[in-house]
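Please treat every number below as a calculation from the coordinates, not as lab data. Keep in mind it's a predicted model, so treat the numbers as computed, not measured. All Cβ positions, even for glycine, are placed from backbone atoms using ideal geometry, and neighbour counts span all protein chains on display.
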Amino acid sequence: MPGPATHQTISYLARRFSESGIRLNHRHGQNFLIDLNLLRMIADSAQLDKHDVALEVGTGTGALTGILAQRAAAVVTVEIDPQLHQLAREELLPHDNVTMLLADALKSKSQLAEEVIEAVQKQLAVASGRRLKLVANLPYSVATPVMANLLLSPIVPCLMSVTIQKELADRIVAAPGTKDYGALAIWIQSQCHVELVRTLPPSVFWPQPKVTSAIVQLQVDPQLRDRIPDLQFFHDFVRALFLHRRKLLRGVLVSALKGQLQKPDVDAILTETGLSPDQRAEQLDVATMMALSENVRRRVAA
């Protein structure tokens, strides 16, 4: 019987699900790519070779997993649905370099599951020079926390090639002053070079989602990350500033730093950063936001 990596059609999936008694759980965002060329495009964008450990969140039927297993040194794939996990296990039997986890990839909205981190670390330790890449058709419900949390985790990838909602992709690549620009754009652009590889219509998925999707590639740049002295502080600071994105910057800072700094301190920080009190966070580019964050961090520490 051909596996999903070579035969991912609606009729094939419907038959396999019927045979296995699988009913899709929409809460998990289960939409399967039914175009083999697009599955290959995700893998192509990841530029995998035998030095790579691929992390996949959302095993599904194992269609993409099988492609990754042929190209990478090892694959760690995570599936939350027990029935899909079992189906994929049957399909992936020929691949001995795949670690399959039946788990939620997230411990919380701000943390990856320890089981996932440990499985990846184990594969990275097998040989020197191994590197991690996130390669996945990400379930919509976890796409943002998975990508954002990886950049704060012990297993920072060197590249992410993922399918996500087009709306989320727009937020990631957004420029200052636009409606989509926010904490996520700043957090990712401060550390990654981002490319929108391909827009995907609902028709290439089964069941069809109600939204357009996109394949995006995020190349993590160590030099960019090195510009940020305290990543956790920067992450939390940027999120705090965008809790009230339409409020003036001075008021947002005074509120966010209540109990840590006084109003004269905030005014001094704005002057030092070359900012006006009546500017808004959504107007600041990534470099300016980094400078503001660092000036706040130093003054709080002092």
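Remark: spin-label model distance GLN111-ASP236 equals 1.4 nm, labels positioned 7 Å along the Cα→Cβ axis. Oblate is the label for segment 1-120, because the ratio a/c of its alpha-carbon gyration tensor axes (a ≥ b ≥ c) is 1.5 or higher and a/b is not greater than b/c. Past the 19 angstrom mark, what percentage of all C-alpha to C-alpha distances in segment 220-302 do you count? So the portion of pairs separated by more than 19 Å is 31 percent. In terms of its alpha-carbon gyration tensor, segment 10-226 comes out oblate; a/c meets the 1.5 threshold, while b/c is at least as large as a/b.
For segment 1-143, calculate the relative contact order in percent as a whole number, restricting contacts to Cα pairs under 8 Å that are 6 or more residues apart.
On the way: 217 pairs, mean separation 39.4, N = 143.
Once divided by the residue count of segment 1-143, the mean separation gives 28 percent.
Entry note, the chain: the mean residue ellipticity at 222 nm calculated from DSSP H runs of n ≥ 4, each adding -39500 (n - 2.57), is -12000 deg cm²/dmol after division by the residues and rounding to the nearest 500. The distance separating the Cα centre of segment 85-132 from that of segment 269-292 comes to 40 Å.
Among ALA291, ALA143, ALA63, the residue with the largest mean-square fluctuation in a Gaussian network model of the chain, with springs joining Cα atoms closer than 10 Å, is ALA291. A Stokes-Einstein calculation at 20 °C with viscosity 1.002 mPa s, built on the Kirkwood radius of segment 70-136 over Cα pairs, returns a diffusion coefficient of 166 µm²/s.
Could you compute the net charge surrounding ALA103? Neighbours are other residues with a C-beta less than 15 Å from the C-beta of ALA103; K and R count +1, D and E count -1. Value of the local net charge: -4. Helix 263-273 and the long axis of the chain differ in direction by around 70°, with both axes built from C-alpha atoms.
Within a Cβ distance under 15 Å of ASP170, other residues only, what is the Lys/Arg minus Asp/Glu net charge? Please list the in-between numbers first.
Values: positive: LYS166, ARG171, LYS179, ARG198; negative: GLU167, ASP180, GLU195, GLU282.
Every neighbour counted, the sum reads 0.
Based on C-alpha pairs under 8 angstrom that are at least 6 apart in sequence, the chain has a relative contact order of 15 percent.
I'd like the orientation of helix 114-124 relative to the chain: the angle between its Cα long axis and the longest Cα principal axis, in ° from 0 to 90, rounded to 10. Helix 114-124 sits roughly 70 degrees off the main axis of the chain.
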